[in-house]
């Protein structure tokens, strides 16, 4: 097993982990293949979610689904190829027109501040025009976070026509709005920023169905290459 080097970056309030990246492969359209993340339980007045994805899908699909017991789309990242993405905040759908999809790894970050309602979207380091959500209601503290499926109820109610098929990696969550310089660092340095409420490296999760675990050594990931 290769040695994993961990660099603590104290001035920015998070960890940067120089590590072998785990990739989760969702191989087929189904309602049985998914991954449940187990973030720190707390009330979220701000949130940042960053992830990397690689997919050939030409239909709408869920990249990240956060539900509460009485709210299915509490925080949903839902691309609609070729050039649109929907961000749902407390069941309010906010649409962004984005650059057309290309077959390559894609880095997506979304932030939301309940105090101002401000929603920000970055894809591959590019920030799109900001939106403002009408909802000011915080998320949590009890939440269900699922990758690979969209939740129509708390932890379930999946529709195979909304599932994700492809590869996911570097899914991290913060309880604050991540600064732009850190988002760009994540993209440009091919490092894994460790979220303070969920960290992809070492975070707790469960896998259902035929989801496969792959490693960065065997699979090219955009500009990131193993040494």
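The values are calculated or read from the model by the stated rules, or taken from the named source; none is laboratory data. If you're wondering where the values come from, they're calculated on a predicted model, not measured in any experiment. Positions of Cβ are backbone-derived with ideal geometry, glycine not excepted, and every protein chain shown enters the neighbour counts.
So that you can scan it fast, the table gives a plain yes or no per residue for (1) in contact with a strand residue (DSSP E or B) (Cβ under 9 Å, 6 or more places away or on another chain); (2) assigned to a loop (DSSP other than H, G, I, E, B):
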| site | (1), (2) |
| --- | --- |
| 35 | yes, no |
| 39 | yes, yes |
| 42 | no, yes |
| 47 | yes, no |
| 51 | yes, no |
| 61 | yes, yes |
| 72 | yes, no |
Could you check segment 162-227 for strands (runs of 3 or more DSSP E) lying wholly inside it with 1 or more residues that are at pLDDT 95 or above and touching a strand residue (DSSP E or B) at 6+ places or on another chain (Cβ under 7 Å)? 166-174, 205-208, 212-215
Look at segment 147-161 and say how many of its residues are in contact with a strand residue (DSSP E or B) (Cβ under 7 Å, 6 or more places away or on another chain), assigned to a strand (DSSP E or B) and closer than 13 Å to residue 33 by Cα. 1
Could you check segment 41-58 and list, in sequence order, the residues that are closer than 20 Å to residue 164 by Cα, touching a residue at least 60 places away in the same chain (Cβ under 8 Å) and surrounded by fewer than 18 Cβ atoms within 10 Å (Cβ to Cβ)? 56, 57
